[in-house]
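So the structure is just underneath, and the comments pick up after that.
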Amino acid sequence: NFAGSQQLATQIEQGARADVFASADERWMAYARERGLVSGDPAIFARNRLVVIIPKTNPARIHRLQDLARGGVKLVMGADAVPVGRYGRIVLRNLARDPSFGGDFAARTLRNVVSGEENVRSVVGKVQLGEADAGLVYRSDVTASVARYLRVLEIPENANVLASYPIALVRDAKEPDAARAFVDLVLSPDGQAILERRGLIPVTPTQP
């Protein structure tokens, strides 16, 4: 099941059957651990960074990150409970520390948010379809299938976040042996190479 980490954690809490839980941030893994929903120590299996996407047609004429705060821009982000939404708000605050953006950059930009989405795919979809002027997403979400519809604005590394993705076995896993084998595969060089090819940042050495 693919969904926002907050949705997955809640589904497991409510009894949804699962063997492995992988979260896009450590906050929701901590939520699961505090409620005894996972067993053992979670492992970080991948990392990611954020980018800003705009439609290829760029109707709002966004050419630099500062333009996100301009009046009339329609911005979509993940809701604050969604990892990508939380990361995006951190990025905006970090950019606001740069004099070229202005100390009120984050507040002005957040006033332009027209929709808080429950997962990052919805953010990509709205920007791709031209329903929004810009969105904050993971770099790995700019896949080959959507890249031709989008333009990408890079976020300076000193303002970006390095998102960490933890993975753990669900406490009541019906197939614990298969679950452990899957986690081992994800953390292996072969598994890391697969994630790297999908745009994620590996955490262990990959196969050459």
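The values are calculated or read from the model by the stated rules, or taken from the named source; none is laboratory data. Please read all numbers here as calculations on a predicted model, not as lab measurements. Cβ sites come from the backbone with ideal geometry, for glycine too, and all protein chains shown count toward neighbours. Surface accessibility is based on the protein's heavy atoms, side chains included, excluding ligands, DNA and RNA. Shrake-Rupley method; radii C 1.70, N 1.55, O 1.52, S 1.80 Å.
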The number of residues in segment 159-174 that are closer than 20 Å to Asp25 by Cα, surrounded by fewer than 20 Cβ atoms within 10 Å (Cβ to Cβ) and either without any contact (Cβ under 8 Å) to a residue 60 or more places away in the chain or hydroxyl-bearing (Ser, Thr, Tyr) (or both) is 1
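Which of the residues that make up segment 16-33 are surrounded by 22 or more Cβ atoms within 10 Å (Cβ to Cβ) and either over 22 Å from Pro189 (Cα atoms) or of a type in the set (Lys, Arg) (or both)?
Across segment 16-33, the qualifying residues are Trp28, Met29, Ala32.
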Among the numbered criteria (1) over 22 Å from the mean Cα position of the chain (by Cα); (2) at pLDDT 95 or above, which single criterion is violated by Trp28?
(1)
Let me spell it out: the conditions are (1) within 30 Å of Ala22 (Cα to Cα); (2) open to solvent by less than 50 Å² (accessible area, probe 1.4 Å); (3) assigned to a helix (DSSP H, G or I); (4) of a type outside the set (A, V, I, L, M, F, W, C), and Gly36 meets all of them except one. Which number is the exception?
(3)
Of everything in segment 95-105, what is more than 25 Å from Lys126 (Cα to Cα) and either open to solvent by 60 Å² or more (accessible area, probe 1.4 Å) or in contact (Cβ under 8 Å) with a residue 40 or more places away in the chain (or both)? Give them in sequence order.
Arg97, Asp98, Pro99, Ser100, Gly103, Asp104
Taking the conditions exactly as written (in a helix (DSSP H, G or I), in contact with a helix residue (DSSP H, G or I) (Cβ under 8 Å, 6 or more places away or on another chain) and surrounded by fewer than 20 Cβ atoms within 10 Å (Cβ to Cβ)), does Arg108 satisfy them or not?
yes
Enumeration of residues in segment 129-163 that are closer than 20 Å to Phe2 by Cα, assigned to a strand (DSSP E or B) and of a type in the set (Val, Ile, Thr)
Val137
Residue pairs, Cβ under 8 Å, 6 or more apart or interchain, first in segment 75-88 and on the phi > 0 side of the Ramachandran plot and modelled with pLDDT under 95, second part of a helix (DSSP H, G or I) and open to solvent by less than 10 Å² (accessible area, probe 1.4 Å). List them.
none
Can you tell me which residue is nearest to Arg86 (Cα to Cα) among those in segment 1-15 that are open to solvent by 50 Å² or more (accessible area, probe 1.4 Å) and of a type outside the set (S, T, N, Q)?
Phe2
Among (1) within 18 Å of Arg64 (Cα to Cα); (2) assigned to a helix (DSSP H, G or I); (3) of a type in the set (Gly, Ala, Ser), the one test that Gly125 misses
(1)
When Ser122 is run through (1) open to solvent by less than 20 Å² (accessible area, probe 1.4 Å); (2) within 25 Å of Ala30 (Cβ to Cβ), the failure sits at (1)
Specify the residue that is surrounded by the fewest Cβ atoms within 10 Å (Cβ to Cβ); the eligible residues are those in segment 175-198 that are at pLDDT 95 or above and not in a helix (DSSP H, G or I).
Glu175
